[in-house]
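The values are calculated or read from the model by the stated rules, or taken from the named source; none is laboratory data. Note that this is a predicted model, so its numbers are computed, not measured. Neighbour counts are summed over all protein chains in view; Cβ atoms, including those assigned to glycine, are modelled from backbone coordinates with ideal geometry.
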Amino acid sequence: MSQTTMSIRVDSDLKRRFDFLCDEFGLSNTAALMLFIKTVVRECRIPFEIKTDTIEESRRKALLAFEQMRKDVAEAGVQDMSLDEINELIREVRYGKK
């Protein structure tokens, strides 16, 4: 059977992590990708679920996150801070300035 080459572009950090995991599994990255390709062809499907939240689920999660953030702000006693004060606090935390 003749062979051909596939070339894909991937984020370097993602590739490094993929290579590490393949090594942990005792596979080369080529062998892991071949397993995926052969499974797709054999089963005529992607061998795992690809999904996203519904709009309603996304809104529910966002509302829960917003409510948690309001609670955290109230507990920290910073609900009355101005935007400038918030940005200054962020700079202090980020750069270690006090």
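If the condition is being modelled with pLDDT of 80 or more and β-branched (Val, Ile, Thr), then the stretch 76-98 contributes 86, 90, 93.
Out of curiosity, is residue 74 surrounded by 10 or more Cβ atoms within 10 Å (Cβ to Cβ), among the aliphatic types (A, V, I, L, M) and in contact with a Phe, Trp or Tyr (Cβ under 8 Å, 6 or more places away or on another chain)? Explain how you work it out, then say what you get.
Values: surrounded by 10 or more Cβ atoms within 10 Å (Cβ to Cβ): yes; among the aliphatic types (A, V, I, L, M): yes; in contact with a Phe, Trp or Tyr (Cβ under 8 Å, 6 or more places away or on another chain): no.
It is false that residue 74 is surrounded by 10 or more Cβ atoms within 10 Å (Cβ to Cβ), among the aliphatic types (A, V, I, L, M) and in contact with a Phe, Trp or Tyr (Cβ under 8 Å, 6 or more places away or on another chain).
Of all residues in the stretch 5-30, none that is touching a residue at least 60 places away in the same chain (Cβ under 8 Å) has its Cβ atom under 9 Å from the Cβ atom of a residue that is in a loop (DSSP other than H, G, I, E, B) and among the aliphatic types (A, V, I, L, M), 6 or more apart or on another chain.
Among the residues making up the stretch 42-98, those that are among the hydroxyl-bearing types (Ser, Thr, Tyr) and more than 20 Å from the chain's Cα centre (by Cα) are 82, 95.
Filter the stretch 1-39 down to the residues that are hydrophobic (A, V, I, L, M, F, W, C) and not in a helix (DSSP H, G or I), then identify the one that is modelled with the lowest pLDDT. Step through it out loud before you land on a result.
First, the residues of the stretch 1-39 that are hydrophobic (A, V, I, L, M, F, W, C): 1, 6, 8, 10, 14, 18, 20-22, 25, 27, 31-37.
Narrowing further to those that are not in a helix (DSSP H, G or I): 1, 6, 8, 10, 27.
Values: 1: 83, 6: 91, 8: 93, 10: 95, 27: 94.
For the stretch 1-39, the residue satisfying everything is 1.
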